[in-house]
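The values are calculated or read from the model by the stated rules, or taken from the named source; none is laboratory data. All values reported here derive from a predicted model rather than from experimental measurement. A quick note on method: Cβ atoms are made from the backbone with ideal geometry, for glycine too, and the neighbour counts reach across all protein chains shown. In case anyone asks, the SASA skips ligands and DNA or RNA and just uses the protein heavy atoms, side chains included. Shrake-Rupley method; radii C 1.70, N 1.55, O 1.52, S 1.80 Å.
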Amino acid sequence: MWWGMTDIFDDLQAEYEQLDTVLAALTPRQWSHPSAADGWTVSDVVLHLAQTEELAAASIRGELGGPRARGEVDAMADSAVAAERDISPGDLLARWRAATAFMPAALRAHPRGSRLPWVAASLSPATLATTRLAEHWAHALDITTPLGIPYPDTARLRHIAWLGHRTLPYAFDVEGVAGGPVHCELTAPNGDTWYFGEPDAASVITGPAGDFCRVGARRLAPADSSLKATGPHGAEALTVLRNYAF
């Protein structure tokens, strides 16, 4: 994987397993508890994850349609959840497990240099795996935070931080904000420092990788984070930062 990162496909599997441990222990009342995703219960969030994993499987099989606009994607996600939200927790957990079971191996099996259609554009198998890891991590927070269940940050955040930094030019463009090169120096959960971007960039973001990923997932406001932004585009980068594919 890029610059010595651990294998994204193994890490995607590990993220599934961490979330599975949480879901397997939920009580019926917890499944129906409001999540941190506006208007969705915990069950709704897991249903959304299962549905989007099924879309990723459709992409692998060559059955996914072309790119869609952001508003259209949001509306489709809400409609899809509303149409199936009467599924029982047991059946829902089984469906999510089935949807995730083959994903890492199926993505790994695609030839290097191949592209897979996704929401806004085609992605490499490794980048699609990264988006799936990022979405599962963000929604795991939506599930665990309201329930007071620990969900510790791990070294897998490096993939998510890479995705956020890598897509900054796209994020600037989508938001209509003037941007430029940004260098990031982020503190990993174990205290190491992760570097992204050219070190001589005029704009720099420093701080905890967990905060950077949460800002990119829109689970934390930049002003409420411990991140520091300097230079002509640092602050703007935090306002547009996104760890997702549209």
Residue pairs qualifying under the 9 Å Cβ cut-off, at least six apart or on distinct chains, with the first in the range 143-160 being in contact (Cβ under 8 Å) with a residue 60 or more places away in the chain and basic (Lys, Arg) and the second being assigned to a loop (DSSP other than H, G, I, E, B) and crowded, with 17+ Cβ neighbours inside 10 Å, are Arg158/Ala188
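Considering only residues that are of a type in the set (Ser, Thr, Tyr), open to solvent by less than 30 Å² (accessible area, probe 1.4 Å) and part of a helix (DSSP H, G or I), which ones fall in the range 10-59?
At the first step, the residues of the range 10-59 found to be of a type in the set (Ser, Thr, Tyr) are 16, 21, 27, 32, 35, 41, 43, 52, 59.
Restricting the remaining residues to those that are open to solvent by less than 30 Å² (accessible area, probe 1.4 Å) gives 16, 35, 43, 52, 59.
Within the range 10-59, Tyr16, Ser43, Thr52, Ser59 qualify.
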Does the range 125-138 contain at least one residue that is out of contact with any Leu (no Cβ under 7 Å at 6 or more places or on another chain), part of a loop (DSSP other than H, G, I, E, B) and not basic (Lys, Arg)? no
Testing Val73 on (1) in contact (Cβ under 8 Å) with a residue 60 or more places away in the chain; (2) open to solvent by 40 Å² or more (accessible area, probe 1.4 Å); (3) within 28 Å of Thr145 (Cα to Cα), one condition comes back false. Which one is that? (2)
Under 9 Å between Cβ atoms, at least 6 apart or on separate chains: pull out the pairs that start in the range 17-40 with a residue that is over 21 Å from Ala98 (Cα atoms) and end on any residue that is among the aromatic types (Phe, Trp, Tyr). Pro34/Trp40
Taking first residues from the range 117-138 that are free of Cβ contacts under 8 Å to residues at least 24 places away in the same chain and under 10 Å from Phe9 (Cα atoms) and second residues anywhere that are aliphatic (A, V, I, L, M) and open to solvent by 10 Å² or more (accessible area, probe 1.4 Å), the pairs with Cβ under 9 Å that are 6 or more apart or on different chains are Pro125/Ile60; Pro125/Ala106; Pro125/Ala109
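Return a yes/no flag: does the range 134-150 have any residue that is more than 15 Å from Val22 (Cα to Cα) and either of a type in the set (Gly, Ala, Ser) or touching a Phe, Trp or Tyr at 6+ places or on another chain (Cβ under 8 Å) (or both).
First pass over the range 134-150, keeping only residues more than 15 Å from Val22 (Cα to Cα): 134-135.
Filter once more, keeping what is either of a type in the set (Gly, Ala, Ser) or touching a Phe, Trp or Tyr at 6+ places or on another chain (Cβ under 8 Å) (or both): 134-135.
Yes; the residues of the range 134-150 include at least one that is more than 15 Å from Val22 (Cα to Cα) and either of a type in the set (Gly, Ala, Ser) or touching a Phe, Trp or Tyr at 6+ places or on another chain (Cβ under 8 Å) (or both).
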Quick check on the range 96-133: of everything there that is open to solvent by 40 Å² or more (accessible area, probe 1.4 Å) and more than 20 Å from the chain's Cα centre (by Cα), which residue is modelled with the highest pLDDT? Ala109
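Condition test on Asp200, is it under 30 Å from Val22 (Cα atoms) and of a type in the set (Asp, Glu)? Break it down stepwise before answering.
On the way: under 30 Å from Val22 (Cα atoms): no; of a type in the set (Asp, Glu): yes.
So Asp200 fails the test.
Yes or no: Thr230 within 20 Å of the chain's Cα centre (by Cα) and β-branched (Val, Ile, Thr)? If you could, list the steps in order and put the result at the bottom.
Working: within 20 Å of the chain's Cα centre (by Cα): no; β-branched (Val, Ile, Thr): yes.
The answer is no for Thr230.
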Taking first residues from the range 49-64 that are among the β-branched types (Val, Ile, Thr) and second residues anywhere that are part of a helix (DSSP H, G or I) and open to solvent by less than 30 Å² (accessible area, probe 1.4 Å), the pairs with Cβ under 6 Å that are 6 or more apart or on different chains are Ile60/Ala106
